[in-house]
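The structure appears below as structure tokens.
Bear in mind these aren't lab numbers, they're just calculated from the coordinates by the rules spelled out. Nothing here was measured: the structure is a model prediction, and the numbers come from that model. Using ideal geometry, Cβ is built from the backbone for each residue, glycine included, and neighbour counts are taken over all protein chains shown.
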Amino acid sequence: MTFSTTQSNQFQTLAGMCIGQAKTRPDAVAFIAGDDSRTFQQLDLSSNQVGHGLTATGVTPGSRVAILGKDTIAHYEILFGCAKVKAVLVDLNWRLAPPELLYILNDAETEVLFVAQTFFPVVEDLLPQLTTIKTIVALDGGHPDWPGYEAWKAAQPKAQPDFEYDANDVAVQMYSSGTTGRPKGVQLANYSFFRLMQGILASGDPWMSLNPDDILLLSLPQFHIGGLWWAMQGYAVGAAGIIVDTFVAWQALQLIERHKVSKAVLVPSMIQLMLAEPGCAQTDFSSFKSLVYGGSPIAPSLLRKAMETFGCDFFQIYGLTETGNCAVCLRPSDHDPAGSPRMKAAGRPFPGVEVKIVDGRRTLPAMRSGEICIKSPANMLGYWNNESATAQTLDGGWVRTGDVGYMDEEGYVYVCDRIKDMIIYAGENLFPAEIEAVLSEHQAVAEVAVIGIPDERWGEVVKAFVVPRQGGEIKQRELIDFARSRIADFKVPKSITFVDALPRNPSGKVLKRVLRAPFWQDRDRQVS
């Protein structure tokens, strides 16, 4: 492979970016995690070793490689190592319950798994049911049966693997929950991390002027598209990224002050937790230039307090994993501390992104509500091994978001409701069908309906309505504990109401709008 440019807006692949930045900025710091750090050149060499190590295990282009563990510098070595041998990274949400992890690992046909010591017991229990795993590498700690990551990596050569790279190659596979209760593997190509920003810059729009002097707070996990996309935008310009393995508000405040963080991406619940910290008022935010927020709408009162406290530019973004992260942005010029109707918008499409509002196949005019559809240069290739779901979501190059909204005459997009039966909890997309399926497994449950209700801290929380079986007895705590053993804690209902029957229409469909109404009736929009 040849590499002819060092300009960040010319990168086409993750492997090419890693190689290019090592040549351009070899001694500059790429990542900091606690007391550990790596330069761009060190990342390049160590990722070469990871690539050779993967090849030695039998990994070939298109093989799936998974990570189970909280974010470390090793995560990025593995990301680039996969890219350099054209393998596909599946970074697992470590908050998931064992049955959920098992499904994803088998669905992805994972061949190599890197696992942190904290999750050794989980993988040991799942091992007899894992159908495609050939090699397991222990990221930290010692394991009697699995090689340790550092020794495994050190045994490999530092030379560049010999591959040709293409922008259309699948780079990562991220799993998002589905309305059927089974998560789907969103396949994102190399281009998903570059073409959007290239289009923005080519139009003469600096957006938030990311540059080599920036220090970025990487507070969203790599398994989240918002976290990985943000880290790659920083890498592309040669900025340093401060890795946060688990978000803790007071620690985030310390990192901002200690490292003089200039830019960050946060979800509203993170912002609220930081503002609630006693030490927030004494934190030095003088280095803070820009804050990107998204994942769920933000309460106006919370936004006003954040703007007053942080004293920086605010950018709201809207998009999906399927659109390669953000597609729409509300700029700082539209953020009015006094509040304005414009601040209810998600923003306007980035240069190179198209948005339309549809009713079925019909495109609607301004101010008419319908389904929001997005055509972005970063759109996914499709869902892994799921042609029917891909066809339903990717419609002629447009991603059907499942969100209801409208555009005004100036092109601002407003999100009002959801077509998809989805709950957004602290930036995580949850689908009631998955939670309902788990609760229905309990022998005392006859019927169940799950909805999201507004919550000031988390945006929405999960609430279940349960019809007990005749003669069955069950308590709320028992059912919550039952769910917690089968699905991730953040999906478990925060409250359960036992009812004699669920409201239904004449055809028997559960009327969730009736269940939702008492909780949402005084709100302007039916999402929080």
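Would you mind telling me the antiparallel percentage of the DSSP bridges in the range 195-418, rounded to 5? Please list the in-between numbers first.
Details: 26 of 40 bridges.
Antiparallel bridges make up about 65 percent of those DSSP assigns within the range 195-418.
With +1 on each Lys and Arg Cβ and -1 on each Asp and Glu Cβ, and nothing else charged, work out how big the dipole of the chain is about its Cα centre, in Debye to the nearest 20. Walk me through the numbers before you get to the answer.
On the way: 48 positive and 58 negative charges, 193 e Å.
Once rounded to the nearest 20, the dipole reads 920 debye.
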When we measure straight from the Cα of Lys289, which lysines land under 21 angstrom away, once same-chain ones fewer than 8 places off are left out? Lys260, Lys263, Lys305
Alpha carbons only, please: Rg and Dmax for the range 349-461, in angstrom. 16.8, 54
Antiparallel versus total DSSP beta bridges in the chain: what percent is that, nearest 5? 60
Over the chain, consider all pairs of different Cα atoms and compute the Kirkwood hydrodynamic radius from their mean reciprocal separation; express it in Å, one decimal. 24.1
Inter-part distance where the range 61-133 and the range 273-342 are each reduced to a Cα centre, Å: 33
Hey, could you pull the Cα Rg and Dmax for the range 302-376, both in Å? 14.4, 45
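Given axes a ≥ b ≥ c from the Cα gyration tensor, I'd like to know whether the range 111-197 is rounded (a/c under 1.5), prolate (a/b larger than b/c) or oblate. Mind showing how you got there, number by number?
Numbers: a/c = 2.48, a/b = 1.19, b/c = 2.09.
Oblate shape, in that a/c is at least 1.5 and b/c is the bigger or equal ratio.
Taking every eigenvalue of the Cα gyration tensor of the range 195-418, multiplying by 5 and rooting it, what semi-axes result, largest first, whole Å? Please report the intermediate quantities before stating the final value.
On the way: eigenvalues 184, 81, 51 Å².
Its equivalent ellipsoid spans semi-axes of 30, 20, 16 Å.
Where the only charges are on Cβ atoms (+1 Lys, Arg; -1 Asp, Glu), what is the dipole of the range 273-326 about its Cα centre, to the nearest 20 debye?
On the way: 3 positive and 5 negative charges, 21 e Å.
Its charge dipole is roughly 100 debye.
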Would you mind calculating the relative contact order of the chain from Cα pairs under 8 angstrom and at least 6 residues apart, reporting the percent as a whole number? 12
Given Cα positions, please report Rg to Rh for the range 28-145, the hydrodynamic radius being the Kirkwood one. 0.96
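Based on DSSP H runs of at least 4 residues, each adding -39500 (n - 2.57), what is the mean residue ellipticity at 222 nm of the chain after dividing by all its residues, to the nearest 500 deg cm²/dmol? Numbers along the way, then the final one.
Details: 15 runs with 148 residues, N = 528.
After summing the helix terms and dividing by residue count, I get -8000 deg cm²/dmol.
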Which whole-Hz ³J(HN,Hα) couplings does the range 205-220 yield from phi under the Karplus relation 6.51 cos²θ - 1.76 cosθ + 1.60, θ = phi - 60°, glycine and proline marked x? 9, x, 6, 10, 6, 4, 8, x, 7, 6, 10, 9, 8, 9, 8, 8
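Normalised radius of gyration for the range 423-520, please: alpha carbon Rg relative to 2.2 N^0.38 Å, two decimal places. Kindly include the intermediate steps, with their values, before the conclusion.
On the way: Rg = 13.0 Å, N = 98, 2.2 N^0.38 = 12.6 Å.
This ratio for the range 423-520 stands at 1.04.
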